[in-house]
Amino acid sequence: MKIGLGIAIAFILALLAWLFIAPVLSAQELQRALRDNDPAAIQNLVNFPALRENLRGTLGANLAGQANKSTLESGGIFGAALAGLMMGPIVDALVTPAGLSALFKGGTGTFTGQAPGSIRVSSGLQALNRYAITLTDVDNPTSVVTLVLMPNGLQWQLTAISFPPDAFKR
């Protein structure tokens, strides 16, 4: 009886450790992999199909919003339709280990170790299956990019990126 209780307690402690420590370790490893441009590590830390789907949805919603605003302009509807057709292949081409590494080296400052002080990084569990890394521009606190890690099997992987509302405005 005591052995069974000990095993149950050990299992619960291991589960809690995984829940709270694993996403932090994955986030740190992702930061290192992006900074060092390590394609193999990035490949393991990013759920590329989920991230591509997320970005297609985000870009599609923003494109639809822009199309609604530009319907009165000459070619607005045609341009939006053409951009919608091109969006999938563009997302597919950019959401690669090299593409993500380039994106974060150029745009997130302290997340990858450049331009200290320009980006404030915070992170934490938002739900039992959602860990967020929030990158905030110190000069423009409303400019926030959030990287979302979710468990995939026993590993936490980047599955979504959310951008500030004005990120896609012309």
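For Arg52, are the conditions met, namely being within 20 Å of Phe163 (Cα to Cα), at pLDDT 75 or above and in a strand (DSSP E or B)?
Spelling it out, it is not the case that Arg52 is within 20 Å of Phe163 (Cα to Cα), at pLDDT 75 or above and in a strand (DSSP E or B).
Among the residues of region 102-126, write down those that are open to solvent by less than 70 Å² (accessible area, probe 1.4 Å), modelled with pLDDT of 55 or more and within 17 Å of the chain's Cα centre (by Cα).
Hits for region 102-126 are Ala102, Phe104, Ile119, Val121, Ser122, Gly124, Leu125.
Could we say that Ala14 is under 22 Å from the mean Cα position of the chain (by Cα) and either modelled with pLDDT under 85 or open to solvent by less than 80 Å² (accessible area, probe 1.4 Å) (or both) here?
So Ala14 fails the test.
Mind checking which pairs have a first residue in region 118-142 that is within 13 Å of Phe163 (Cβ to Cβ) and a second that is modelled with pLDDT of 85 or more and surrounded by fewer than 13 Cβ atoms within 10 Å (Cβ to Cβ), Cβ under 8 Å, 6 or more apart or different chains?
Thr134/Ser122; Thr136/Ser122
Okay, residues lined up against (1) of a type in the set (S, T, N, Q); (2) modelled with pLDDT of 90 or more; (3) open to solvent by 70 Å² or more (accessible area, probe 1.4 Å):
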position	(1), (2), (3)
Leu128	no, no, yes
Asp139	no, no, yes
Val148	no, yes, no
Ile161	no, yes, no
Pro164	no, no, no
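The values are calculated or read from the model by the stated rules, or taken from the named source; none is laboratory data. Here the structure is a predicted model, which means the values were calculated and not measured. A quick note on method: Cβ atoms are made from the backbone with ideal geometry, for glycine too, and the neighbour counts reach across all protein chains shown. These area figures cover heavy atoms from the full protein model, side chains too; ligands, DNA and RNA do not enter into them. Shrake-Rupley method; radii C 1.70, N 1.55, O 1.52, S 1.80 Å.
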